[in-house]
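The block underneath contains the structure these notes are about, expressed in C-alpha cells.
Only the coordinates and a few stated rules stand behind these numbers; no lab work does. Owing to the predicted nature of the structure, the values given are computational and were not obtained by experimental measurement. So basically every Cβ, Gly included, is an ideal-geometry build from the backbone, and we count neighbours across all protein chains shown.
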Amino acid sequence: MHYPSLVITALAFSSRAVALNFTSTSPADVAAAQAGALTLSPTSHVKGKVFDRFVVIWLENTDYDKAAGDPNLAWLAKKGITLSNYFGVTHPSEPNYVAAIGGDNFGMDNDNFNQIPGNVSSLIDLLEDKGVSWGQYQEDMPYSGFEGMAWVNQKTKANDYVRKHNPAVIYNSNTTPERLAKNKNLTQFYSDLEAKKLPQWMFITPNMTSDGHDTSVTTAGTWTRNFLEPLLDDKRFMKDTLVLVTFDESHTYTLQNRVFSILLGDAVPKKLINTVDSGFYNHYSEISTVEANWDLHTLGRWDVGANIFDFVAQKTGDKNAVWDAATGTNPTHFFNSSFAGLFSSKDVVTTLPPPNAKLVRNGRKVLGSIARTWGDASLQNQTYYQNTVQIPDGMYPPKGW
C-alpha cells in the first residue's frame, strides 16, 4: 500500500508523540482535585433555523434489530422519528466518539489513551465561533475537567466513567481550563436544569453500566427512558429542542455497522411523530445538522458532505444524497474497520491529513482559523476530504492511503 509523502511541519502536521499529562486516577489525587475543580455553565440564546438546542445521548455496542426490539427504546421511538439507516463509522468505540465532533476518526482503530493534537479543530470551535453555548455531561466522571483514563465505582469497583466515551476531552484543543470546566458530571445536568443554565449543545454519556456496555440493551433502554421521559414535558429542557438517541457502534462486526437511532423533542414536527426516516446518516450527520441549523462554519472534513437529518434539511435548503452502496439491497460498504491513519495501532502513518479549506456546503465555508492554519497550497494538495456522503473505511480507504 502506498502512503502519501507528506511534509511534516510544526504548524500543520502534528505527531502522535505528545506528552501524556493526564490526571491521576488514584482516589487520593482525585479527591484533592475535586476540591478545586472549576465548573462553568454558560448559556446563550442563538436562534436556530429548526431547533434552539441539540442534545446527543450515546449508548453502546448493540445491533440495530436488538435495539429496535427493546420495549423502552421502542416506546421512545413512537415519540419521534426512527432513523433506519444511521451508521457508525468504524469499530471499536473511541474512534466513533472522536468522529462525532471532529469529522474524521483519523485512522483510529483502538480504545487507547489517545490525544488529538491541539491544531485539530472540532465542533466545539464551530459552536464557540458563533456564540452557541455547549457542555458535556458524563455520568460518574469524578469532577469537572477530569482527563484520566477511567474512574471506577469506589465501592463495587465496577466500571463507571471512561475517557474513550468522552469526545471533547480526546482533543487537546478542548483541554484549556475554560473548556474543561464545561465537561461535567451528569449530576451537574440537573443543577443546570434547575438554574435554567443548560447549554444549547450538549453531549450526554451514561456510565458503563447505564449505556449497556457492561450490561445489556435492556439496561440501556431502561436508563434512557428513565432519563428522558420526565424531560419530554419539561420546557426548561425540551422547548425548541432536538434530541438524538443513538449507539456508538453495532455489536456484530460481520454485519453492517448500522445502529438504532431516534430523533425526539419539540423541534420534531407533530406530523412526523412515530415515523421512519430511511435516509443515509452517520455520526458525521450530527455535525452537519448542527452546522446547517446555526449556519456555522465547517471543519473541512467529512462533516461537509454528510447528510443532514431530512426534516432539518428541508428547512435549511440543504440537499441530501442517496448512497446505494450503503443503504441499497446489496450493500458493499459495512463501516467495520478504519483505514490507515495517525492513530492506527500499526503506526504506518505519522501525520494527519489537512482539512480541505476550499469546501463549501450551501454557503457554509470552512472556519477561518482552520483555513489559515491548513490552507497553504502545498498542504491542500495532500487533503483527501471531499463534499460527499461517500466516506472511506478500512475496506475502501482514501485514494493513496
Top of Tyr86, Tyr143, Tyr97 by mean-square fluctuation, Gaussian network on the chain, Cα under 10 Å:
Tyr143
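To make sure I understand, if each residue's beta carbon is the centre and we count other beta carbons within 10 Å, what order do Leu38, Leu299, Leu127 fall in, fewest to most? Before the final figure, lay out the partial values.
Details: Leu38 12, Leu299 29, Leu127 23.
Ascending Cβ contact count within 10 Å gives the list Leu38, Leu127, Leu299.
Could you tell me which of the pairs Lys79/Lys319; Lys47/Lys182; Lys130/Lys235; Lys49/Lys182; Lys47/Lys78 are separated by over 29 angstrom between their Cα atoms in the structure shown? Walk me through the intermediate numbers first.
Working: Lys79/Lys319 26 Å; Lys47/Lys182 21 Å; Lys130/Lys235 24 Å; Lys49/Lys182 25 Å; Lys47/Lys78 27 Å.
Those over the limit do not exist; all pairs fall within it.
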Net dipole in debye of the chain [+1 Lys, Arg Cβ; -1 Asp, Glu Cβ; about Cα centre; nearest 20]
860
Roughly how many nanometres apart are two label points built 7 Å out from the Cα toward the Cβ at Ser369 and Lys49?
2.4
Segment Ala321-Asp295, length gained on full extension (0.36 nm per residue, minus Cα span)
7.4 nm
For the chain, set up a GNM with springs between Cα atoms under 10 Å and report which of Phe203, Phe311, Phe280 has the largest fluctuation.
Phe311
Just want the answer: with Cβ charges of +1 for Lys and Arg and -1 for Asp and Glu, which residue in Phe339, Ala68, Ser133 is farthest toward the dipole's positive end in segment 54-380?
Ser133
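Out of all DSSP beta bridges with both ends in the chain, state the antiparallel percent to the nearest 5.
On the way: 12 of 38 bridges.
Percent antiparallel among DSSP bridges in the chain is about 30.
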For a footprinting-style exposure proxy, rank Val120, Val322 by other Cβ within 10 Å, fewest first.
Val322, Val120
Taking Cα pairs closer than 8 Å and at least 6 residues apart, the relative contact order of the chain in percent is 27
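At 4 °C and 1.567 mPa s, grab the translational diffusion coefficient of the chain from Stokes-Einstein with a Kirkwood Rh over Cα pairs, rounded to a whole number in µm² per second. The partial results should precede the final answer.
Numbers: Rh = 21.1 Å.
My calculation gives 61 µm²/s for D.
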Per the 1/(1 + (r/R0)^6) rule, R0 = 35 Å and r from the Cβ atoms of Ser84 and Thr176, FRET efficiency to 0.05 is 0.35
Counting other beta carbons within 10 Å of each residue's own, what order do His213, His45 fall into, fewest first?
His45, His213
Full-stretch length increase - Ala377, Tyr396 - with 0.36 nm per residue and alpha-carbon distance subtracted:
4.2 nm
